[in-house]
1. Checking the structure you have, find out if any residue of segment 130-150 is of a type in the set (A, V, I, L, M, F, W, C), within 14 Å of the ligand (Cβ to nearest atom) and not in a helix (DSSP H, G or I).
2. Only helices (runs of 4 or more DSSP H) wholly contained in segment 205-286 count here; list those with 3 or more residues that are under 23 Å from the mean Cα position of the chain (by Cα) and either farther than 26 Å from residue 5 by Cβ or of a type outside the set (A, V, I, L, M, F, W, C) (or both).
3. Does segment 306-325 contain any residue that is more than 16 Å from the ligand (Cβ to nearest atom), at pLDDT 95 or above and within 24 Å of residue 56 (Cβ to Cβ)?
4. Only one of (1) out of contact with any Phe, Trp or Tyr (no Cβ under 9 Å at 6 or more places or on another chain); (2) farther than 26 Å from residue 333 by Cα; (3) surrounded by 22 or more Cβ atoms within 10 Å (Cβ to Cβ) fails for residue 29. Which number is that?
5. Of all residues in segment 287-299 being outside any loop (DSSP other than H, G, I, E, B) and closer than 23 Å to residue 131 by Cα, which is farthest from the chain's Cα centre (by Cα)?
6. Out of 48, 17, I need the residue that is on the phi < 0 side of the Ramachandran plot and within 16 Å of the ligand (Cβ to nearest atom). Which one?
7. Looking at (1) part of a loop (DSSP other than H, G, I, E, B); (2) more than 23 Å from residue 336 (Cβ to Cβ); (3) more than 16 Å from the ligand (Cβ to nearest atom), which one does residue 68 not meet, given that it meets all the others?
Amino acid sequence: MTLGHQKRKPVVPLRITGTGAYLPQKVLTNADLASFLETSDEWIRTRTGILTRHVLSQGEVPAQMGVRAAERALTMAKKSPEDVDLLLVATNVPEEPIPGTAPHIALGLGLKKTPFFDVTAGCAGFIYALAMAGAMMRTGLSCTAIVVGTEALSRFINWQDRSTCVLFGDGAGAVLLERAEGNAGILGIALRGDPTKLGLLRIEAGGVRLPATVDTVQAGKHFLQMEGKGLFRAAVGMMAEATRAAAAQARIALSEIDWVIPHQANLRIIEALVKRLRIPAEKVVVNIDRVANTSTASIPIALDELVRAAKVERGQILALTAFGAGACYGTVILRW
Ligand code: ACO
């Protein structure tokens, strides 16, 4: 069957030839959380769709997860680190404030002179990094790029705050992108930001504005703070708007999308989004029940599951959409 969209050339011809993910071994169930918090499996399940989440153990760090995920993507693509000429790392939890996470992942992968840098755009970081890698490939700055999302918000949440700590999980995902002629590649990109909403999700202390002091630590200002209801409302509208804009740029109808891979923030947000876009549930990838909200890692982890389950076929259209702190949001539409 020849579809209309197949004739259109991608704005960035490329193939995702490898995907990989890594989840820490330690798993926390809702019942585990209810053993030390005033919460319940029923509350968490019905409000968020989350049943379990993976968390880093003491001594483990996000860069290790990123390295594992990238290695798996390289293995799938039958490529070695020497083939890679760009590494982008989306994360909100720098391994250290300077020099961040990307050099640690580059070191772990054994990259020598490959350029690398971190991309910080809240939970939309992976979408931004993917778009950036695509732009660099389009200009010829890169032929083979790894984009990693790695996150360990478990290290920045207050485990006594039931309104935030039940939502997040740790993990990493990665994709290997290769320039390719033909019809596969990025068809549309919409990146957006709304700085008036920067107060919806933040860690106030530890930066230049509010440096770490005994007082900031005692006041709990190094933990993630969230306005849940405001985020919920913003998230649905933002991802819907960006997806419509990316689809318009791609010159496809929303009905032509075969798979939507949304940021896994809350099952109810995902359901409201796809209802608004009139996309049937069977086209939507959901794994929040098992992994919770892994921020920048959520989309590459979900994509890796889809690919390894052999559900994606050449020529299919994928829409990846996310929102997050900042508020940054965006959608990338690509043809597999
Ligand atoms: N267990 C039991 N009760 C709880 C819990 C919990 N874990 N958390 C909150 N409650 C209580 C509240 O204290 C409140 O009690 P009260 O009425 O006595 O004051 C009651 O439940 C209702 O709380 P609400 O905040 O109104 O609950 P809501 O229905 O809004 O759901 C939730 C909260 C799940 C956080 C929702 O607002 C949400 O998902 N928002 C979006 C969150 C999100 O997407 N965050 C990440 C975005 S960016 C990124 O991904 C990094």
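1. Looking only at segment 130-150, we keep the residues that are of a type in the set (A, V, I, L, M, F, W, C), and these are 130-133, 135-137, 141, 143, 145-148.
Filter once more, keeping what is within 14 Å of the ligand (Cβ to nearest atom): none.
No: segment 130-150 contains no residue that is of a type in the set (A, V, I, L, M, F, W, C), within 14 Å of the ligand (Cβ to nearest atom) and not in a helix (DSSP H, G or I).
2. Details: elements: 214-218, 228-250, 267-277.
Ranges flagged: 228-250, 267-277.
3. There is at least one residue in segment 306-325 that is more than 16 Å from the ligand (Cβ to nearest atom), at pLDDT 95 or above and within 24 Å of residue 56 (Cβ to Cβ).
4. For residue 29, the failing item is (3).
5. Narrowing segment 287-299 to residues outside any loop (DSSP other than H, G, I, E, B): 288-291, 293, 295-299.
Next, from what is left, pick out any that are closer than 23 Å to residue 131 by Cα: 293, 295-299.
On the way: 293: 9, 295: 5, 296: 3, 297: 4, 298: 4, 299: 4 Å.
Residue satisfying both the conditions and the ranking: 293.
6. Working: 17 fails: within 16 Å of the ligand (Cβ to nearest atom).
Only one candidate passes the filter, namely 48.
7. (1)
The rows are residues; the columns are (1) touching a helix residue (DSSP H, G or I) at 6+ places or on another chain (Cβ under 8 Å); (2) not in a loop (DSSP other than H, G, I, E, B).
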position: 25; (1), (2): no, no
position: 31; (1), (2): yes, yes
position: 46; (1), (2): no, yes
position: 105; (1), (2): yes, yes
position: 111; (1), (2): yes, no
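The values are calculated or read from the model by the stated rules, or taken from the named source; none is laboratory data. Only a predicted model underlies this, so the values are computations on that prediction, with no experimental measurement involved. Cβ: placed from backbone, ideal geometry, glycine included. Neighbour counts: every protein chain shown.
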